[in-house]
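Report on one structure; see the data block that follows.
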């Protein structure tokens, strides 16, 4: 795993979410392309971080002016894929390494393929960003 360097801005956002929810925030990724902030928290704290009917996410969005996404964290690639693509139903996750490049193949239920990819590919982009950051994975393919 790469050592992750947080910017002062990311640290401030993490502190803000912790202050609002009491959840221990593991990481924060600012994604300007999709105008969002992705927070990684322990899987058992995702519900607390989101809040009843998404109240914490909405409050955070109002404060920072960006979309807020909460994702469960895991050291295991397969679990991380499942958390990042929730609620899409994932059948299988395979990692293939060729010529020094790692690719993750995610096989999802056919009805959930659009859900896994997301509008304009935003869900698969979120997964790719997270996997690159933690597991040095170069590409993600949804099948």
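No lab work stands behind these numbers, since they all come straight from the coordinates. Since this is a predicted model, take the numbers as computed values, not measurements. Heads up, the Cβs are rebuilt from the backbone with ideal geometry, glycines too, and the neighbour counts pull from every protein chain shown.
Would you check if residue 63 is farther than 18 Å from residue 126 by Cα, over 17 Å from the mean Cα position of the chain (by Cα) and in a strand (DSSP E or B)? Answer is no for this residue.
I need the full set of residues from the stretch 69-88 which are assigned to a loop (DSSP other than H, G, I, E, B) and surrounded by 14 or more Cβ atoms within 10 Å (Cβ to Cβ), in order please. 73, 74, 85, 86, 88 - these are the residues of the stretch 69-88 that are assigned to a loop (DSSP other than H, G, I, E, B) and surrounded by 14 or more Cβ atoms within 10 Å (Cβ to Cβ). From the list 93, 57, the one residue that fits, being in contact with a strand residue (DSSP E or B) (Cβ under 6 Å, 6 or more places away or on another chain), assigned to a helix (DSSP H, G or I) and free of Cβ contacts under 8 Å to residues at least 24 places away in the same chain, is 57.
Scanning the stretch 13-46 for residues that are surrounded by fewer than 13 Cβ atoms within 10 Å (Cβ to Cβ) and assigned to a helix (DSSP H, G or I) returns 15, 19, 44.
Does residue 105 meet the test of being part of a helix (DSSP H, G or I) and at negative phi? No: the conditions fail for residue 105. The test for being out of contact with any strand residue (DSSP E or B) (no Cβ under 6 Å at 6 or more places or on another chain) and either in a helix (DSSP H, G or I) or in contact (Cβ under 8 Å) with a residue 24 or more places away in the chain (or both) does not hold for residue 49.
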